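Chemist: Quick one: structure below, then a few questions.
The values are calculated or read from the model by the stated rules, or taken from the named source; none is laboratory data. What you see is a predicted model, and the numbers here were worked out from it, not measured in a lab. We place every Cβ from the backbone using ideal geometry, glycine too, and count neighbours over all the protein chains shown. Please note that ligands, DNA and RNA were not included when accessible areas were found on the heavy atoms of the full protein model with its side chains. Shrake-Rupley method; radii C 1.70, N 1.55, O 1.52, S 1.80 Å.
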Amino acid sequence: MTKKMVLILGGVRSGKSRHALERARECGDAVLFVATAEAGDEEMQARIEAHRMERNKNWSTLEVKRHLGKAIGEYTGSIETVLIDCMSLLVSNVMMWLPESASETEVSQQLSDELDAMLSVYAKGSATWIIVSNETGLGVVPPYRSGRIFRDSLGRLNQQLAQHADEVVWMAAGIPVRIK
């Protein structure tokens, strides 16, 4: 199988993660699942546990809040597929690491560094990458500064990922629609 990068976009509960899992299962058992979620409360812990139960038991998992490229690049196991779920939580994690007064430019620079490191690791390897991200540009404009920076930063990151992706899938009501 020839390596490729697949970006799966959609709104909340649109079926992105389920579709990504299905795609990864089609690639075989040598899957590295990269989880960016952090359990900040009991409800989020329950969500993370539910997601863990959906994965194949023989897949490897990296739980990484930031520096995904570095973590994936340092992974020593055999992988044919990297599944990253999800970029929106990476953006949130980067923003939480920065001071609250950080500018949109500072957030963009951190995300650019993240993306550059990921793309470098992807280019050097032979694995197919499946990347999940939320589309936040279809809703209302957030009433607070950090919400607007998050939405805009994730939107720009999604655009950059889509430029590099070989395939882009839009999820709507559990139905995958190939847009690239």
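Chemist: Sort out for me the strands (runs of 3 or more DSSP E) sitting completely within the range 89-180 that have 1 or more residues that are in contact with a Cys (Cβ under 9 Å, 6 or more places away or on another chain), hydroxyl-bearing (Ser, Thr, Tyr) and within 21 Å of Glu38 (Cα to Cα).
Modeler: By residue number, 128-134.
Chemist: Among the residues of the range 7-22, write down those that are out of contact with any Phe, Trp or Tyr (no Cβ under 7 Å at 6 or more places or on another chain) and open to solvent by less than 40 Å² (accessible area, probe 1.4 Å).
Modeler: Leu7, Ile8, Gly11, Ser14, Gly15, Lys16, Ser17, His19, Ala20, Leu21
Yes/no matrix, rows are residues, columns are (1) buried (at least 19 other Cβ atoms within 10 Å of the Cβ); (2) in contact (Cβ under 8 Å) with a residue 12 or more places away in the chain:
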{"residue": "Glu106", "(1), (2)": "no, no"}
{"residue": "Ala117", "(1), (2)": "no, yes"}
{"residue": "Thr128", "(1), (2)": "yes, yes"}
{"residue": "Tyr144", "(1), (2)": "no, no"}
{"residue": "Gly147", "(1), (2)": "no, no"}
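Chemist: Which condition from (1) in a helix (DSSP H, G or I); (2) among the aliphatic types (A, V, I, L, M); (3) more than 24 Å from Met171 (Cα to Cα) is the one that Leu62 breaks?
Modeler: (1)
Chemist: Under 7 Å between Cβ atoms, which residue pairs at least 6 apart in sequence (or on different chains) link something in the range 57-85 that is over 20 Å from Lys16 (Cα atoms) with a partner that is in a loop (DSSP other than H, G, I, E, B) and open to solvent by less than 20 Å² (accessible area, probe 1.4 Å)?
Modeler: Listed by first residue and then by second, the contacts come to Ala71/Val64; Ile79/Ala127; Glu80/Ala127.
Residues checked against (1) over 24 Å from His164 (Cβ atoms); (2) in contact with a Ser or Thr (Cβ under 8 Å, 6 or more places away or on another chain):
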residue: Lys3; (1), (2): no, yes
residue: Ala30; (1), (2): no, yes
residue: Ala37; (1), (2): no, no
residue: Asp41; (1), (2): yes, no
residue: Arg47; (1), (2): yes, no
residue: Asn56; (1), (2): yes, no
residue: Lys65; (1), (2): no, yes
residue: Thr76; (1), (2): yes, no
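Chemist: Does Leu32 count as touching a residue at least 24 places away in the same chain (Cβ under 8 Å), part of a strand (DSSP E or B), farther than 27 Å from Lys180 by Cα and open to solvent by less than 90 Å² (accessible area, probe 1.4 Å)?
Modeler: No, not satisfied.
Chemist: Of all residues in the range 72-92, how many are under 27 Å from Ala30 (Cα atoms) and open to solvent by 20 Å² or more (accessible area, probe 1.4 Å)?
Modeler: Adding up the residues that qualify gives 10.
Chemist: Then there's this: Looking only at the range 119-126, decide whether some residue is over 25 Å from Gly40 (Cα atoms), surrounded by 14 or more Cβ atoms within 10 Å (Cβ to Cβ) and of a type in the set (A, V, I, L, M, F, W, C).
Modeler: yes
Chemist: Right, next: Given the condition in contact with a strand residue (DSSP E or B) (Cβ under 6 Å, 6 or more places away or on another chain) and within 29 Å of Gly28 (Cα to Cα), answer yes or no: does some residue in the range 104-124 qualify?
Modeler: yes
Chemist: Would you check which residues across the range 1-29 are in a helix (DSSP H, G or I) and in contact (Cβ under 8 Å) with a residue 40 or more places away in the chain and list them?
Modeler: Lys16, Ser17, Arg18, His19, Ala20, Leu21, Arg23, Ala24, Cys27
Chemist: I would also like to ask the following. Just to be sure before I move on: is Arg47 without any contact (Cβ under 8 Å) to a residue 40 or more places away in the chain and touching a Pro at 6+ places or on another chain (Cβ under 8 Å) in the structure I sent?
Modeler: No.
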